[in-house]
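S.K.: Questions regarding the structure given below will be posed in turn.
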């Protein structure tokens, strides 16, 4: 009972504790400039995690996010000379469509989401390889700066990525808290049978959640491509794990229904702090994946709502 | 009832028919496909994948899933290579001890995997996915990103020595396939997998220690992943963090395409053999007939969706998450 | 030789068993009858070890026993043949028979199939089933599976010292006539090996098979009759017992319904094995009650009207419009509200607060272009909280934390506030305490007075009679009889039971 009460507050307490620990051991960490840079660095990951939040919120998962981002870095690079600013639109639409396909396969064909998104991820990966001719591509620097340069600039010393993230967070919070879609999403995550019996079109909501996840993964890929000024079908590898970790340590459990966008914001910051703390504590970068794997297990174990699982398979 | 019988028959024979049709189609389009040489090539690419796929078959029969194979294979491969080289670097010396050691490492990882799943009550797909990440990370930690070459001739004879045109690794894989079949049909553990997959609560109320069966299942899977890792190292002569890459997608696809239902209880190791062959025939055939290799993941993706849809009894599954 | 003395079992809010005495002798067949909710299943669960009694003792022979689990009960010779069959469909017959006890055939982890097959054959011979023990269970007919189940329980004979007691829970419910005969002659023969407790809602079968019959009502054994003294009528009277309290069911508030233009009209509707050829009309202000035993098709009919199930044949019209596609969305749009039995699963969304639950089915009315007008939602919730006297600190309270009665009110508020004028109530008072039940009865009356048409599946027969204008009795998915129930001329419990079983 005690634990249940502090559980919702654990994510930000963890974040605060981590910041303090790292800050005390190296005060440079707490310099505003450092914190801002750290936050800006993690924006593409955050956007991907934001999308993942919707999939997990309804009790599913999106394992295609990384391949989706990979694919969009390629799409962005390839289509930039052709469509100019329209390249962004192409990327987002591609993400939405592939995400929707995952959703359709999951809800209408009853394929569990971890398989359907894995499969759609395979399709996205193939598409990326096809479009790129299996090599790394580079954007024309001038073209990039003239069209997407605003994404990575700085105003008042604050990187523009943070503004993008802020806008997306506000949009997502609004979507989650103030719209019929967000409310339906919560109902589906917290009690799918009751949502059905209330006349909510559960399939549509789920498909939209997966589409959003795909769309946001695409935006993450787009931003990544702009930042690195190019794309390749493997450039975002290594993003999937921290994205899932960010959602779960933020307090949105694998079983869905609680948590949400703000939780993922906190979760991503926790991931960012863990990453930089590894730098400060001189933990080898090669150990990151191991650390995050363990963090993931702990986070799932602490957040998951076992009363929703009749048998744990 | 009649409808049910045809569904059963379809599930039973469809994979084999698909395999035969695929072989015929590729052979018609490109006669070079239909040669012993090419079949040996398919055999080589299939052997490690078959071992990994058999491992996960047991898990899927229980109605769970294991997504840790990439990490496990990498760790086993790297652990084997280090140990092998440290003990003399040739099978003629005590370095052969590295072989059973690799299997032990596989079992140990599987054991951990099973514990995390069962004791922390985390759904297996997530527990094993996380463990897989840990495994890959651990392999990276051990190698520091380096490749370890295993050039012992005796060990590489897995690939280089051929009987009847097929390299030894194909026969090794066959032996382990028969061993897996034995486990599946003749041992208590093997049958308990089916009981758990067919009705976990019923099995539990009949007095079966379901958690123990699960953990043992993950251990057994780990051993087969280790065998797969040895064959994979034997095939390319290198152990590295990337030894395990791509095994997850390929093996899950193979199992499902072979007709083992994701819901548990149905299928077996022969299905998995067919599934692995389907996947590898597609991969090989696409290359032989000149289709671009990058389409493979996409094709497999479609294939796995079709296979899961076909094997799902829509009357019993209400909604998927 | 097997005895329960003064056994008590209390669940939160329900005294499920009140000082029950029960005994069974060697080789005896004892019948157990009672209405739904009379305590039969609780008593069975105590006997086979799934529940532990809160008071009283269980004796086998002279010794007092206490079971922590069904497995412990099995080790003392008490086996259960489940109605929901407990065989694993993808395993062979012999594996099922020895599931959990394979060790006797295992050496070094390897199973000796021959030995197991022979042992299984011996067990199957006990129930006169000559099938290959290696057959996959899913290939067997239902009756065959039932026998395998019985054979599985009979393996206790070899494992356990002393006598066997075997519970048969509704074993005949899906068997054909000849199969029932076969089962009965088998059970009679097997009395040389075991005693049987036979639970069924088919009175004639209970009378035919049992040596003695325990009649249960409201958690008590109201009578024990021997086969010679038993007759159907008197047992049925004892099962239903007391007179209906008019005050309790707000009968004085019952007003006649409008007979023109039916709200819902079913014509020859059938759905698979669940129900066949159902026809009735529901009018404004009418409370129509579907009565029948568990599995008689009551719930499935509700779900069809709401749109959750699509019928195979017949036509459904809502407010004069023929229904073409069945979906919950369409149902809600037509003004139907469904109050499901599984309140916590299908009724409310735990984790969402009161106002979110209330507007869940009608978000369109409280949003512009998908953006919710939250303050209006809250105002609506406050209005209905006071209208229905929902006990909650505020509209922001998580519904999962409310009491059962208040959750039920929230569900009703959801439909009523959205203007639903056809309400389907599936066991609306299940698990509620008396005060909360009375609240629900009041609401039924006031809805009816407002011209709402209600289809009710009641928790008890008294409730059905007390609340309804019209009663339709169902048996095995078919309509048996229709009763009109104006105050003062209501059918009696006995009238209904007569057609139910």
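S.K.: By its C-alpha gyration tensor, with a ≥ b ≥ c as the square roots of the eigenvalues, how is the stretch B:114-257 shaped: rounded for a/c under 1.5, else prolate for a/b larger than b/c, else oblate? Don't jump to the answer; show the numbers that get you there.
M.R.: Working: a/c = 2.83, a/b = 1.47, b/c = 1.92.
Oblate shape, in that a/c is at least 1.5 and b/c is the bigger or equal ratio.
S.K.: When all C-alpha to C-alpha distances in the stretch C:256-320 are sorted into bins of 10 Å, what percent of pairs does each bin hold, rounded to whole numbers?
M.R.: Final binned percentages: 21, 54, 23, 2.
S.K.: Which value at 222 nm does the protein assembly as shown reach when only helices count, each DSSP H run of 4 or more adding -39,500 (n - 2.57), with the total divided by all residues and rounded to the nearest 500 deg cm²/dmol? List each step's numbers first, then the result.
M.R.: Working: 45 runs with 621 residues, N = 1135.
After summing the helix terms and dividing by the residues of the protein assembly as shown, the value is -17500 deg cm²/dmol.
S.K.: Along each of its three principal axes, how wide is the spread of alpha-carbon positions in the stretch C:11-127, in whole angstrom units, largest first?
M.R.: On the principal axes, the stretch C:11-127 reaches 50, 32, 29 Å in Cα extent.
S.K.: Still on this structure, I have one more. Starting from 0 in steps of 5 Å, tell me what percent of the Cα-Cα pairs of the stretch C:97-201 lands in each bin.
M.R.: That works out to 2, 11, 22, 23, 19, 13, 6, 3, 1, 0, in percent per bin.
S.K.: If you take the Cα atoms of the stretch C:229-342, find Rg, then find the Kirkwood Rh from the mean of 1/r over all pairs, what is Rg/Rh? Mind dumping the intermediate values first?
M.R.: Details: Rg = 17.2 Å, Rh = 16.4 Å.
My calculation puts Rg/Rh at 1.05.
S.K.: Take the Cα coordinates of the stretch C:260-401, assign each an equal point scatterer, and use the Debye formula without solvent to give log10 I(q)/I(0) at q = 0.20 Å⁻¹.
M.R.: After summing over all Cα pairs, the log10 values are -1.20.
S.K.: Would you mind estimating how fast the stretch B:100-172 diffuses translationally, via Stokes-Einstein at 37 °C and 0.692 mPa s with the Kirkwood radius over Cα pairs, in µm²/s? Intermediate results must be reported in sequence, preceding the final value.
M.R.: Details: Rh = 15.0 Å.
Here the translational diffusion coefficient equals 218 µm²/s.
S.K.: Next question, about the same structure. How large is the Kirkwood hydrodynamic radius of the stretch B:6-55, counting all unique pairs of alpha carbons, in Å?
M.R.: Working: mean 1/r = 0.0794 Å⁻¹.
One over the average 1/r among Cα pairs gives 12.6 Å for the stretch B:6-55.
S.K.: Taking a ≥ b ≥ c as the square roots of the Cα gyration tensor eigenvalues, with a/c under 1.5 meaning rounded and otherwise prolate when a/b beats b/c, else oblate, which class fits the stretch A:184-250?
M.R.: On the way: a/c = 4.14, a/b = 2.34, b/c = 1.77.
Verdict is prolate for the stretch A:184-250.
S.K.: Do you know the relative contact order of chain A, to the nearest whole percent, from alpha carbon pairs under 8 angstrom that are 6+ apart?
M.R.: 33 percent
S.K.: Here's a follow-up. Helix C:177-190 sits at what angle to the longest principal axis of chain C, using alpha carbons and giving 0 to 90 degrees rounded to 10?
M.R.: For C:177-190 against chain C, the angle is about 40 degrees.
S.K.: Which log10 I(q)/I(0) values, to two decimals, does the protein assembly as shown give at q = 0.05, 0.08, 0.10 Å⁻¹ under the Debye formula with one point per Cα?
M.R.: Debye intensities relative to I(0), on a log10 scale: -0.39, -1.00, -1.40.
S.K.: Would you mind ranking C:377, C:181, C:321 so that the residue whose beta carbon has the fewest other beta carbons within 10 Å leads the list?
M.R.: Going from least to most buried by this count: C:321, C:181, C:377.
S.K.: Given an 8 Å cut-off on Cα distances and at least 6 residues of separation, report the relative contact order of the stretch C:50-209 as a percent.
M.R.: Working: 190 pairs, mean separation 42.1, N = 160.
It rounds to 26 percent for the stretch C:50-209.
S.K.: Hey, another quick one. Counting other beta carbons within 10 Å of each residue's own, what order do B:39, C:67, B:80 fall into, fewest first? Walk me through the numbers on the way to the answer.
M.R.: Numbers: B:39 18, C:67 21, B:80 28.
Ranking B:39, C:67, B:80 by Cβ neighbours within 10 Å, fewest first, gives B:39, C:67, B:80.
S.K.: Using the Cα atoms as the points, what is the convex hull volume per residue of chain A in Å³? Could you put the intermediate results ahead of the total?
M.R.: Details: hull volume 44.3 nm³, N = 313.
That works out to 141 Å³ per residue.
S.K.: Per the Cauchy relation, a quarter of the hull surface: what is the mean projected area of the convex hull of the alpha carbons in the stretch A:18-119, in nm²?
M.R.: Details: hull surface 36.1 nm².
For the stretch A:18-119, the mean projected area of the Cα convex hull comes to 9.0 nm².
S.K.: Take the stretch A:206-313, drop everything but the C-alpha atoms, weight them equally and run the Debye formula without solvent; then report log10 I(q)/I(0) at 0.11, 0.18 Å⁻¹ to two decimals.
M.R.: Log10 I(q)/I(0), no solvent term: -0.43, -1.06.
S.K.: I'd like to compare B:65-71, C:173-179, C:160-166: which one has the highest average count of other Cβ atoms within 10 Å, and what's the full order after that? Write down the numbers at each step before the final one.
M.R.: Values: B:65-71: 29.9, C:173-179: 13.4, C:160-166: 17.4.
The packing order, highest mean first, is B:65-71, C:160-166, C:173-179.
S.K.: What's the Cα-based Rg to Rh of chain B, Rh via Kirkwood?
M.R.: Rounded to two decimals, Rg/Rh equals 0.97.
S.K.: Along each of its three principal axes, how wide is the spread of alpha-carbon positions in the stretch A:144-224, in whole angstrom units, largest first?
M.R.: 51, 22, 15
S.K.: Any idea what diffusion coefficient the stretch C:337-413 gets from Stokes-Einstein, in µm²/s, Kirkwood Rh on alpha carbon pairs, 37 °C, 0.692 mPa s?
M.R.: Details: Rh = 12.4 Å.
After rounding, the answer is 265 µm²/s.
S.K.: Using bins 10 angstrom wide from zero, how does P(r) for the stretch B:1-112 break down, in % of all Cα pairs?
M.R.: Histogramming the stretch B:1-112 at 10 Å steps yields 11, 25, 27, 23, 12, 2, 0 percent.
S.K.: Mind pulling the per residue volume of the convex hull built on the Cα atoms of the stretch C:360-501? Å³ is fine. Each step should come with its number before you reach the end.
M.R.: Details: hull volume 20.1 nm³, N = 142.
Cα-based convex hull of the stretch C:360-501, divided per residue, equals 142 Å³.
S.K.: While we're here: By its C-alpha gyration tensor, with a ≥ b ≥ c as the square roots of the eigenvalues, how is the stretch A:64-206 shaped: rounded for a/c under 1.5, else prolate for a/b larger than b/c, else oblate? Mind showing how you got there, number by number?
M.R.: Working: a/c = 3.07, a/b = 1.46, b/c = 2.10.
In terms of gyration-tensor shape, oblate.
S.K.: Using the alpha-carbon atoms, what tilt in degrees (0 to 90, nearest 10) does helix C:374-387 show relative to the longest principal axis of chain C?
M.R.: Its long axis makes an angle of about 80 degrees.
S.K.: Determine by what factor the alpha-carbon radius of gyration of the stretch B:189-284 differs from 2.2 N^0.38 Å, reporting the quotient.
M.R.: Details: Rg = 15.7 Å, N = 96, 2.2 N^0.38 = 12.5 Å.
Working it through for the stretch B:189-284, the quotient is 1.26.
S.K.: With viscosity set to 0.890 mPa s and temperature to 25 °C, compute the Stokes-Einstein D of chain C, Rh being the Kirkwood radius across alpha carbon pairs; µm²/s, no decimals. Could the numbers behind the result be given before it?
M.R.: On the way: Rh = 25.1 Å.
D, rounded to a whole number, is 98 µm²/s.
S.K.: How long, wide and thick is the stretch C:432-501, going by the Cα atoms along their three principal axes, in whole angstroms, largest first?
M.R.: Its Cα atoms span 31, 27, 25 Å along the three principal axes.
S.K.: Which of these, A:186, A:31, A:206, has the largest mean-square fluctuation under a Gaussian network model of chain A (Cα springs below 10 Å)?
M.R.: Comparing A:186, A:31, A:206 in a Gaussian network model of chain A, the most mobile one is A:31.
S.K.: With N denoting the number of residues in the stretch C:64-130, provide Rg(C-alpha) divided by 2.2 N^0.38 Å, to two decimal places. If you can, show how the numbers build up before the last one.
M.R.: On the way: Rg = 13.9 Å, N = 67, 2.2 N^0.38 = 10.9 Å.
So the Cα radius of gyration is 1.28 times the expected 2.2 N^0.38 Å.
S.K.: Moving on. In whole percent, what relative contact order does chain B give with Cα contacts below 8 Å and a gap of six or more residues?
M.R.: Numbers: 539 pairs, mean separation 104.6, N = 321.
Across chain B, relative contact order equals 33 percent.
Taken together, the values in this text are just the output of simple stated rules run on the coordinates, not laboratory data. Please read all numbers here as calculations on a predicted model, not as lab measurements. Using ideal geometry, Cβ is built from the backbone for each residue, glycine included, and neighbour counts are taken over all protein chains shown.
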